[in-house]
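**Q** If you scroll down you'll find the structure; I have some questions about it.
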Amino acid sequence: MNISFEDHSVEISACPNAALQHMYDQLFTKDALEFLVNFVTYFQPRVSEILRARKLRKLNFDITGDLPKFRTDVTSTTITESDWKISPLPTKLQNRHVDLGDVAPANTIHFKSALASGVEGVQVDFDDGECPSWPNMIQGLYNIVGFTKGEFFPSEVPTLQSAPILMLRPRAWNMIEHNVLINGKQIPGTLMDFGLLMFHTGAVLTLSNVGPYFYLSKVESSTEALLWNDIFLWTQLKLGIPRGTIRACVLIENILSAFEMDEILYQLKEHSLGLNCGIWDYAASIVTKFGENSVAKLKLHGKISPKKIFFLIFDCFR
């Protein structure tokens, strides 16, 4: 599919099979694509800046052998030493004893079972829980859209208001969607996931007082949290959703984000619903960031273990 909007062009890979054609047509409408083009062209340069900053930071660690430290700049000190809190949580988010994690939305049977499980929340995972093949992305996005519209096995799953909360988890910043090109460039998978989910489900989740709620994975700094906050503000404005409606939990699953937890909460303040600890990715990040520096790896592993990071999160929770 090729389509143009003023100075922008969109190329989308064809539907991979006939069984998905109806879903494909429902997702990639002209209005949805126009929203996606405006969204991606506005924010893709900042995503590129973040990925470049990550590479430079990694290069600095490799060259100098330095370890990450808690920030001591004036901005950070003001944040950590001042009295502030995130906005109060919506009623639906105040009782979450059990969440089902890593539920792949393209696995229709699994998704349907999760919705009927009686838990408080379901983490609908486009990141680690699902292989982002083109058929899977179409099926997964459509399943969520269909459920919010009451078209997903309505006789077998609860209604939107009585079902578990959907905690939508887009792909991480570094994941690329190869099947969608805007102005000839592949786009960040994060922006496609978030953009289409918000365009198709944002209004109904808002009107039903059950969202939109997100998990943000692989965040490495408060600068990245600020980008997410700007994305939320822009999207709410464009879709006519009240400011502060979108809420997001940041997964502290990277060793670098462990040193900026207060700052991350602060940047997302009115859109935050707290922090969560991703133990396995956190441990793996020590290797990916400092794998060639055995001293750093050992020091960090002893200094900030998954157990200790949990208490750090508890201490800085605002």
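The values are calculated or read from the model by the stated rules, or taken from the named source; none is laboratory data. Small disclaimer: the values here were computed from a predicted structure and weren't measured. Because the Cβ atoms are built from the backbone with ideal geometry, glycine has one as well, and the counts that use them run over all protein chains shown. Accessible surface areas use protein heavy atoms only, side chains included; no ligands, DNA or RNA. Shrake-Rupley method; radii C 1.70, N 1.55, O 1.52, S 1.80 Å.
**Q** Hey, among 212, 132, which residue is buried (at least 18 other Cβ atoms within 10 Å of the Cβ) and either closer than 19 Å to residue 234 by Cβ or of a type in the set (Ser, Thr, Tyr) (or both)?
**A** Numbers: 132 fails: either closer than 19 Å to residue 234 by Cβ or of a type in the set (Ser, Thr, Tyr) (or both).
Unique residue meeting the criteria: 212.
**Q** Within region 176-197, does at least one residue satisfy the condition of being touching a Gly at 6+ places or on another chain (Cβ under 7 Å), surrounded by fewer than 23 Cβ atoms within 10 Å (Cβ to Cβ) and under 19 Å from residue 47 (Cβ atoms)? Steps first, please.
**A** Here is the first cut: in region 176-197, the ones touching a Gly at 6+ places or on another chain (Cβ under 7 Å) are 176-177.
When the remaining residues are screened for being surrounded by fewer than 23 Cβ atoms within 10 Å (Cβ to Cβ), the result is 176-177.
Now drop any that are not under 19 Å from residue 47 (Cβ atoms), which leaves 176-177.
Yes: region 176-197 contains one or more residues that are touching a Gly at 6+ places or on another chain (Cβ under 7 Å), surrounded by fewer than 23 Cβ atoms within 10 Å (Cβ to Cβ) and under 19 Å from residue 47 (Cβ atoms).
**Q** Restricting attention to region 1-24, which residues are out of contact with any Lys or Arg (no Cβ under 8 Å at 6 or more places or on another chain) and farther than 15 Å from residue 135 by Cβ? Reasoning before the result, please.
**A** In the first step, residues of region 1-24 are kept if they are out of contact with any Lys or Arg (no Cβ under 8 Å at 6 or more places or on another chain); the result is 1-2, 4-24.
1, 2, 4, 5, 6, 7, 8, 9, 10, 11 - these are the residues of region 1-24 that are out of contact with any Lys or Arg (no Cβ under 8 Å at 6 or more places or on another chain) and farther than 15 Å from residue 135 by Cβ.
**Q** Moving on. Return only the number of the condition from (1) touching a residue at least 60 places away in the same chain (Cβ under 8 Å); (2) closer than 19 Å to residue 257 by Cβ that residue 96 does not satisfy.
**A** Failing condition for residue 96: (2).
**Q** Consider only pairs whose beta carbons are under 7 Å apart and that are at least six residues apart or on different chains; among these, list those whose first residue lies in region 191-216 and is touching a residue at least 12 places away in the same chain (Cβ under 8 Å) and under 11 Å from residue 141 (Cβ atoms) and whose second residue is basic (Lys, Arg) and open to solvent by less than 10 Å² (accessible area, probe 1.4 Å).
**A** 193/171
**Q** Please find, among 197, 233, 191, 227, the residue that is out of contact with any strand residue (DSSP E or B) (no Cβ under 7 Å at 6 or more places or on another chain) and over 21 Å from residue 51 (Cα atoms). I'd like the intermediate steps shown before the answer.
**A** Details: 197 fails: out of contact with any strand residue (DSSP E or B) (no Cβ under 7 Å at 6 or more places or on another chain); 191 fails: over 21 Å from residue 51 (Cα atoms); 227 fails: over 21 Å from residue 51 (Cα atoms).
Of the residues listed, the single one that is out of contact with any strand residue (DSSP E or B) (no Cβ under 7 Å at 6 or more places or on another chain) and over 21 Å from residue 51 (Cα atoms) is 233.
**Q** Take region 13-28 and flag every residue that is surrounded by fewer than 17 Cβ atoms within 10 Å (Cβ to Cβ), among the hydrophobic types (A, V, I, L, M, F, W, C) and not in a helix (DSSP H, G or I).
**A** If the condition is that a residue be surrounded by fewer than 17 Cβ atoms within 10 Å (Cβ to Cβ), among the hydrophobic types (A, V, I, L, M, F, W, C) and not in a helix (DSSP H, G or I), then 14 is the only one that fits.
**Q** Related question: Quick check on region 43-68: of everything there that is assigned to a loop (DSSP other than H, G, I, E, B) and at negative phi, which residue is most open to solvent (accessible area, probe 1.4 Å)? Talk me through it step by step, then tell me what you get.
**A** Filtering region 43-68 for residues assigned to a loop (DSSP other than H, G, I, E, B) gives 65-68.
Those left that are additionally at negative phi: 66-68.
On the way: 66: 68, 67: 49, 68: 10 Å².
Top of the filtered list is 66.
**Q** While we're looking at this one, here's another question. Inspect region 234-241 for any residue being hydrophobic (A, V, I, L, M, F, W, C), open to solvent by 10 Å² or more (accessible area, probe 1.4 Å) and not in a helix (DSSP H, G or I) and give the result as yes or no. Please lay out each step first, then the result.
**A** Going through region 234-241, the residues hydrophobic (A, V, I, L, M, F, W, C) turn out to be 234, 237, 239, 241.
When the remaining residues are screened for being open to solvent by 10 Å² or more (accessible area, probe 1.4 Å), the result is 234, 237, 239, 241.
Narrowing the set further to residues that are not in a helix (DSSP H, G or I) leaves 241.
Checking region 234-241: at least one residue is hydrophobic (A, V, I, L, M, F, W, C), open to solvent by 10 Å² or more (accessible area, probe 1.4 Å) and not in a helix (DSSP H, G or I).
**Q** So, one more: Based on what the data block shows, is residue 40 under 19 Å from the mean Cα position of the chain (by Cα), open to solvent by less than 60 Å² (accessible area, probe 1.4 Å) and within 20 Å of residue 134 (Cβ to Cβ)?
**A** Judged against the criteria, residue 40 is a match.
**Q** Might you check whether a residue that is under 29 Å from residue 192 (Cα atoms) and open to solvent by less than 80 Å² (accessible area, probe 1.4 Å) occurs anywhere in region 69-86? Show your work before the answer.
**A** First, pick out the residues of region 69-86 that are under 29 Å from residue 192 (Cα atoms): 86.
Those still in the list that are open to solvent by less than 80 Å² (accessible area, probe 1.4 Å) too: 86.
There is at least one residue in region 69-86 that is under 29 Å from residue 192 (Cα atoms) and open to solvent by less than 80 Å² (accessible area, probe 1.4 Å).
This table checks each residue for (1) more than 19 Å from residue 97 (Cα to Cα); (2) assigned to a loop (DSSP other than H, G, I, E, B).
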site: 117; (1), (2): no, yes
site: 122; (1), (2): no, no
site: 132; (1), (2): yes, yes
site: 138; (1), (2): yes, no
site: 141; (1), (2): yes, no
site: 147; (1), (2): yes, no
site: 157; (1), (2): yes, yes
site: 163; (1), (2): no, yes
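**Q** Could I ask something else about it? Name every residue in region 147-164 that is crowded, with 18+ Cβ neighbours inside 10 Å and of a type outside the set (Val, Ile, Thr), in order of residue number.
**A** Result: 147, 152, 160, 163, 164.
**Q** Please go through region 1-12 and pick out each residue that is surrounded by fewer than 17 Cβ atoms within 10 Å (Cβ to Cβ) and either under 23 Å from the mean Cα position of the chain (by Cα) or of a type in the set (A, V, I, L, M, F, W, C) (or both). Step through it out loud before you land on a result.
**A** First, the residues of region 1-12 that are surrounded by fewer than 17 Cβ atoms within 10 Å (Cβ to Cβ): 1-9, 11.
Answer for region 1-12, where residues must be surrounded by fewer than 17 Cβ atoms within 10 Å (Cβ to Cβ) and either under 23 Å from the mean Cα position of the chain (by Cα) or of a type in the set (A, V, I, L, M, F, W, C) (or both): 1, 3, 5.
**Q** Condition (residue is modelled with pLDDT under 75, under 28 Å from residue 62 (Cβ atoms) and of a type in the set (Val, Ile, Thr)) applied to region 261-270: is it met by at least one residue? So that I can check it myself, show each step before the final result.
**A** First, pick out the residues of region 261-270 that are modelled with pLDDT under 75: none.
The answer is no; no qualifying residue exists.
For (1) closer than 27 Å to residue 232 by Cβ; (2) among the hydroxyl-bearing types (Ser, Thr, Tyr), each residue gets a yes or a no:
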site: 2; (1), (2): no, no
site: 5; (1), (2): yes, no
site: 32; (1), (2): yes, no
site: 64; (1), (2): no, yes
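**Q** Starting from residues that are in contact (Cβ under 8 Å) with a residue 40 or more places away in the chain and in contact with a Leu (Cβ under 8 Å, 6 or more places away or on another chain), keep the ones in region 103-125 and report whichever is surrounded by the most Cβ atoms within 10 Å (Cβ to Cβ).
**A** Per the stated criteria, the residue is 124.
**Q** Only one of 100, 141, 93 is farther than 23 Å from residue 175 by Cα and open to solvent by less than 50 Å² (accessible area, probe 1.4 Å). Can you tell me which?
**A** Details: 100 fails: open to solvent by less than 50 Å² (accessible area, probe 1.4 Å); 141 fails: farther than 23 Å from residue 175 by Cα.
The conditions single out 93.
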